Amino acid sequence: MAGSTAVITSATQLSPTKRFVLGLQHAAAMFGATVLVPIQTGLNPSVALLTAGLGTLLFHLVTKGKVPVFLGSSFAYIAAIQIVGQAEGLEYATGGIIAAGLVYLVLAGLICLFGVDRVKSFFPPIVAGPMIMVIGLTLAPVAVGMASSHWLVAIITLLVVVAVSVYARGFLKLLPIICGIFVGFAAAMAFGLVDWTQVMEASWVAVPPVMMPKFSLSAILTIAPLALVTMVEHIGDITTNGAVIGKDLIRDPGLHRTLMGDGLATALAGLLGGPANTTYSENTGVLAVTRNYDPGILRIAACVAIALAFIGKLGALLQSIPAPVMGGISIVLFGMITSIGIRQVVDARVDFTNGRNLVIAAVVLVLGIGGAVVPLPGGLQLSGMALAALAGVVLNKLLPEQITREAEAVLTGGDD
């Protein structure tokens with residue numbers, strides 16, 4: 001433990017060059033997922049990088065610079081953006097994204113009015129722990145899918161990350177992700193997996209093509225309600241982030257501030273033609289791996305993302321990182337998130353001999369990991385993390401704290 005403390009303490013006193021490298025590591029971790037959303041929806045990837053960086057800086061301003069978070073493109077909005085884009089045009093989809101950001105602001109106001117404790121009572125460790133596990137486990141197929149395109153390269157990348165995390169000393173110990181990317185990229189080059197076409201064709205400087213939003217009631221009704229779903233994911237991510245760094249971020253700077261920051265960042269993204277923003281599990285994973293929790297490093301990453309939006313060749317180079325390299329990295333990052341959820345349950349000494357707790361954890365895990373989908377009016381749907389979290393919250397409130405042995409036997413299927 002003494003060694004861990006030394007790493008964390010020294011990380012806050014690093015030179016500007018070393019801090020920049022750490023920021024670059026966070027930027028590399030978020031890059032693939034952030035540009036994947038615009039690629040799938042038809043929005044521009046450079047604009048997504050620009051709005052992710054600007055949104056992150058805005059988030060840090062609203063949250064007093066206390067939360068080591070990076071905001072990137074939200075996967076939850078992909079289907080809705082595609083629907084509106086095909087029916088009315090992407091300009092109307094970005095208008096809906098602005099409306100979703102405003103919904104966040106309303107939710108932040110309600111939390112500020114009714115208090116944090118009332119909100120936190122809905123997410124005790126028996127609910128929050130499995131929720132955090134779901135965040136990591138639902139991303140697991142993405143990591144495996146990327147790695148399976150060339151397992152040898154993915155394994156080489158993974159082993160480098162693990163080796164640097166466990167055996168490296170000094171500043172190198174803070175750079176497992178970048179080391180993994182460098183070695184993995186070299187291995188991918190040896191196997192002929194790197195396509196240099198985009199890099200050669202890209203210009204050195206390219207201004208991101210921002211797009212002005214348009215508004216329609218149908219687009220707003222399709223996209224804005226998703227904020228109610230992603231709010232639950234936001235709470236899970238902020239809880240995870242706090243568990244990693246050992247601080248109660250729900251209380252300080254406050255959930256109302258983190259929601260407000262996320263909402264303003266999402267509205268800004270829509271205003272410039274980018275996808276909705278959200279807190280990123282990849283960067284929380286980097287925090288867990290490096291044990292460097294300085295929020296300033298995330299602001300450096302935000303500036304890197306903004307720079308990437310304007311430097312065409314550098315952005316193309318990052319886009320050329322082969323899938324198995326990112327797969328090897330993601331196996332570690334997403335696994336870390338799951339492990340943090342397990343740790344939260346263990347630290348809270350949750351009693352799993354209690355059938356009530358078993359049922360809550362079981363339902364959250366199965367609904368979240370299993371991909372359950374519940375259709376809602378207006379073509380919307382509740383699924384994945386949001387559905388799992390809602391089920392956990394409802395069961396936690398409905399099931400009594402103290403239950404009889406007969407009721408426990410019914411819940412668990414036991415006869416004792």
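Tabulated data
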| item | result |
| --- | --- |
| Flag for Arg251 being closer than 30 Å to Leu90 by Cβ, out of contact with any Pro (no Cβ under 6 Å at 6 or more places or on another chain) and not hydrophobic (A, V, I, L, M, F, W, C) | no |
| Tally, over the stretch 50-65, of residues that are in a loop (DSSP other than H, G, I, E, B) and under 19 Å from Thr240 (Cβ atoms) | 1 |
| Failed criterion for Val164 (all others in (1) crowded, with 17+ Cβ neighbours inside 10 Å; (2) modelled with pLDDT under 85 hold) | (2) |
| Residue in the stretch 81-99 that is more than 20 Å from the chain's Cα centre (by Cα), at pLDDT 85 or above and within 30 Å of Phe182 (Cβ to Cβ) present | no |
| Matching residues, the stretch 312-328, being in contact (Cβ under 8 Å) with a residue 12 or more places away in the chain, out of contact with any strand residue (DSSP E or B) (no Cβ under 7 Å at 6 or more places or on another chain) and either under 15 Å from Tyr280 (Cα atoms) or surrounded by fewer than 22 Cβ atoms within 10 Å (Cβ to Cβ) (or both) | Lys313, Ala316, Leu317, Leu318, Gln319, Ser320, Ile321, Ala323 |
| The lone exception for Ala27 - which of (1) surrounded by fewer than 23 Cβ atoms within 10 Å (Cβ to Cβ); (2) modelled with pLDDT of 80 or more; (3) of a type in the set (Gly, Ala, Ser) it fails | (1) |
| Residue count, the stretch 178-198 (criterion: in contact with a Leu (Cβ under 8 Å, 6 or more places away or on another chain) and either within 30 Å of Leu390 (Cβ to Cβ) or at pLDDT below 85 (or both)) | 1 |
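The values are calculated or read from the model by the stated rules, or taken from the named source; none is laboratory data. Owing to the predicted nature of the structure, the values given are computational and were not obtained by experimental measurement. Positions of Cβ are generated from backbone atoms using ideal geometry, with glycine treated the same way; all protein chains shown enter the neighbour counts.
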